[in-house]
Every structure is written in C-alpha cells, then in structure tokens.
Amino acid sequence: QVLLVESGGGLVQAGGSLRLSCAASGRTASSYAMGWFRQAPGKEREFVAAISWSGTNTYYTDSVKGRFTIYRDNRRTTVHLQMDWLRPEDTAVYYCAGDPRGSGYPPSAFTSWGQGTQVTVSS
C-alpha cells in the first residue's frame, strides 16, 4: 500500500496557473505509477493525467492536453501536475492516485487514493 497526500489546490482566475503536488510514502512508493483524477459537483470522477513509474510515459485526457503537464521528481515519490491556462470547467476536487502495476494505464488500474484538494477557477 501507498499513502498519498495532495497539496497545492486553491482559487485562481481563468487563464491562471496552479501546481498540484502529491507525495507518496510507503516501501514500494517509487514503483507506483501515479495519476490525477477530478470530480466536479454533480459529476462522476474523471481521469485527468498519469505518469508511469519511470516517468517515461505520460497520459492526458483530451480536455487538458497542451495545458496540463504531469511530472515526477528524481526519487519518483512526488508527482506534480502543472496546470496552465485554467478554465472554469477545470473546477473540481482533484485526487492523486496510485497504480501498483507501474504503468499508469488504463485509468481503472489506479487503486490507491489521496484525500483530494479543491481547485476553483473563477471566470
């Protein structure tokens, strides 16, 4: 198992930027693929982005391609989601997630979850 703790949410105007971070702890944390999901009020949780355990492969949902970047640190235990050109429709609770298989795909492979962090984008 891995413990995931998110940070970095907040309120930003449309067109602005935020960076989310997720620290993973546990004996095998560095071997996990990590990802971000989000859930807006009244909607189902959706996949946003993921990165394989090595950092070699990244995946994005279409609506964030070109605006969001996922990357992980050299120790592979912290993952960041750089969010640029934010839109009001990006408003949601963002959850960090871990995939013990290490690949980061498909989204159903993620089995560990953080507590979530709120991102609000005002128009």
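Things worth noting here:
- With each label modelled as a point 7 angstrom along the Cα→C-beta vector, the Arg101-Thr120 pair spans 3.8 nm.
- Surface accessible to a 1.4 Å probe, Trp113 within the full protein complex, Å²: 90 Å²
- GNM on the chain, alpha-carbon springs under 10 angstrom: the most fluctuating residue among Arg72, Arg38, Arg19 is Arg19.
- Measuring nothing but how far apart in sequence close Cα pairs (under 8 Å, 6+ apart) lie, relative to its length, segment 73-123 scores a relative contact order of 42 percent.
- Neighbours of Glu89 by Cβ distance under 11 Å: Lys/Arg scored +1, Asp/Glu scored -1, total +2.
- Sorted into 10 angstrom bins from 0, the C-alpha pair distances of segment 53-123 split as 17, 50, 29, 3 percent.
- Positive contributions from Lys and Arg (+1) and negative ones from Asp and Glu (-1), summed over other residues with Cβ under 14 Å from the Cβ of Asn57, come out at +2.
- In percent, rounded to a whole number, the relative contact order of the chain is 36, using alpha-carbon pairs under 8 Å and six or more apart.
- Interchain or long-range residues, amide H under 5 Å from Gly102's placed H: Ala33
- Thr58, Thr78, ranked by accessible area, largest first (probe 1.4 Å): Thr58, Thr78
- Residues within the reach of a label modelled at Trp85 (point 7 angstrom out along Cα to beta-carbon, backbone nitrogen below 16 Å), restricted to segment 1-23, are 14-18.
- Quick note on segment 1-116: its Rg to Rh ratio, both from C-alpha atoms and Rh being the Kirkwood radius, is 0.94.
- Sparsely packed GluC sites (Glu not before Pro) within segment 20-123, loop by DSSP, other Cβ within 10 Å at most 11: Glu44
- Counting only protein heavy atoms and a 1.4 Å probe, the chain has 51 square angstrom of accessible area per residue.
- The listed residues Ser108, Ser63 rank as Ser108, Ser63 when sorted by accessible area, largest first, using a 1.4 Å probe.
- Highest GNM mean-square fluctuation among Leu86, Leu20, Leu11, for the chain modelled with Cα contacts below 10 Å: Leu11.
The values are calculated or read from the model by the stated rules, or taken from the named source; none is laboratory data. Predicted, not measured: the structure shown is a model, and the values here were computed from it. Using ideal geometry, Cβ is built from the backbone for each residue, glycine included, and neighbour counts are taken over all protein chains shown. Just so you know, the surface numbers come from the protein's heavy atoms only, side chains and all, with ligands and any DNA or RNA stripped out. Shrake-Rupley method; radii C 1.70, N 1.55, O 1.52, S 1.80 Å.
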